[in-house]
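Below: the structure, in structure tokens.
The values are calculated or read from the model by the stated rules, or taken from the named source; none is laboratory data. In this text the structure is predicted, and so the values were computed from the model without any measurement. Cβ sites come from the backbone with ideal geometry, for glycine too, and all protein chains shown count toward neighbours.
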Amino acid sequence: MPEEPNAAPDSFPIKKSRARFLGLSLDDVIRSFFGGNAIVSVVVLALITVFLFREGFGFFAQNRDNLRIYRQAGLEYVDYIRQQVDDHTALSRYLSDLRLRLFNHYRAEGMDIAAANRELAAFDDFAGSYSDTVVDIRGLLSDMTDVASTIKTKFLVMEDRRTERAQLLSAGKREEAAAVKIEDVDFRAELEPLIGLLPYYQDLNAEFARNLQEAAQAAPAMPTAEFQQRLDRFEKLNRDFVAGFPAIEQNMAQWDYHQEVPMSRAFTSFLFGRQWLTASFWQDWYGMVPLLVGSMMVSFVALCLAVPLGVGAAIYVNQIASEAERKFIKPCIEFIAAIPSVVLGFFGIAVLGQLLRTLSQQEWMAWVPGFPYSERLNILTAGCLLALIAVPTIFTLAEDALNNVPRPFKEASLALGATRLQTILRIIVPASLSGIISAVLLGLGRVIGETMVVLLCAGNRIAIPDFTAGLAVFTQPVHTMTGIIAQEMGEVVHGSIHYRALFVVGIVLFFLALVINYFAQKIVHRYRISIG
């Protein structure tokens, strides 16, 4: 019987491998390997969280002890006067700035340097007499600082000796431990000379107030209405300054070194503190507001540049560009992500920072707010480089969102007579808007976690920028959360309050990035459901 041309399906059976590993077939192994990615991600995330909390654990208790000795040693008491002196210094700087503006005004009118200085002689006498009014208060502050510093130093020495004795006892060295002398600090007795200076300070304060008022009344006339307005503002600031003297005296009279520091203050001093000051002979402060503000401002500048560039490039490449243009533009933009951030940081230091500063000093750019400026490394420089880093992320994700828009949307719009531009702006972009928003959020998460660029190019000044300068605030240097961790982590003692403070900053940064990514994923999920 001849063979049939078409054999039955079961004539060629498919042989399946029966090999097994630990009781699992090859398919089971592959499925388990690739299906375990989610578990691995969760485990890694949990390990990072545990590590951060373990290393940061105890910071707030240490910070509370830090604030307690700040009060018990009298440093808080002395800082009432220190703040008063600092406020006077700020007013003196205001006069110095006004003097510089007057000098530039006279030079612009054609006066030479000698003539301008002669014209400013009366103003210099006024500013000098105003600055000298604080001499007696500053001398008292110096004496009180010495007393409070001595008390704090004595307490810290005793604490070090207690630690040394505990270590010797744990090592079984009882005789050496007994030789370590420890004396309890009697804060009441130590603070008596400090508190006893209050009547003397009150007398000096009354004289200080009179001298300030007399000095302010001797202000010379200003050449223009604009300068007169600045002088009037100074006089108002001076009146407000003098009006606050009774409150300072009242706070000092009611001050009690024995008052307990609540645990809540350890949290609020960190979350809302306006100073990050370490390795200070006086008092260390760990306030993250200047770091948070610096990170937010640099990220804001980066997004202002990266969003229009990234989204615009995605729309052009996806909807307008020819195939040849698409093959050239897309790889070029995505290649930026391969450039190491440290290389971009060096580029910012050597090229971009100097270029922007030189550009700001051109006369034809004087109309730009904040121009000219002198700080080469600032928010603007770091923001421009972070924008370069964020563009590939925003571009890629935004283009994916545009690709996910159903093609019938575009075809229907064109069939109804809409132009290509109308279709893009009124159909394609609105339909992909949630995907574009998620791209922007992920770009924000990318730039806010960047370290090397901001460390090298943001200026690293730990201070809240002067927002009264308007848009010129973006030409000021700042420090960031990522920058402070990278800069100081290698110099701190393991387990110290400074060490743990950096990890708490890391925890804040970690959860900030998680929140941004969470909202980005929620938007993407909602987008996918809406077109499903």
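Structural remarks
- Where F474 falls short, out of the listed (1) among the aromatic types (F, W, Y); (2) under 18 Å from S374 (Cα atoms); (3) modelled with pLDDT under 90: (3)
- As a summary of the residue check, D284 satisfies the conditions (1) free of Cβ contacts under 8 Å to residues at least 24 places away in the same chain; (2) of a type outside the set (A, V, I, L, M); (3) surrounded by fewer than 19 Cβ atoms within 10 Å (Cβ to Cβ) except for the one numbered (1).
- Residues (of a type in the set (S, T, Y), under 12 Å from F474 (Cα atoms) and either surrounded by fewer than 17 Cβ atoms within 10 Å (Cβ to Cβ) or at pLDDT below 90 (or both)) located in the range 347-388: Y373
- With respect to (1) farther than 14 Å from V454 by Cα; (2) touching a residue at least 12 places away in the same chain (Cβ under 8 Å), the lone exception for L386 is condition (1).
- Tally, over the range 269-281, of residues that are surrounded by 12 or more Cβ atoms within 10 Å (Cβ to Cβ), under 21 Å from Y499 (Cβ atoms) and not small (G, A, S): 6
- Single residue of the range 318-346 satisfying the filter (surrounded by 13 or more Cβ atoms within 10 Å (Cβ to Cβ) and either in contact with a Pro (Cβ under 6 Å, 6 or more places away or on another chain) or acidic (D, E) (or both)) that is modelled with the highest pLDDT: I333
- Criterion (closer than 30 Å to E488 by Cα, free of Cβ contacts under 8 Å to residues at least 60 places away in the same chain and assigned to a helix (DSSP H, G or I)) met by exactly one of A306, A302, A350: A350
- When the range 467-504 is filtered for residues that are within 14 Å of the chain's Cα centre (by Cα) and among the hydroxyl-bearing types (S, T, Y), the ones remaining, listed by number, are T480, T482.
- Verdict on I523 being out of contact with any Phe, Trp or Tyr (no Cβ under 9 Å at 6 or more places or on another chain), outside any helix (DSSP H, G or I) and touching a residue at least 60 places away in the same chain (Cβ under 8 Å): no
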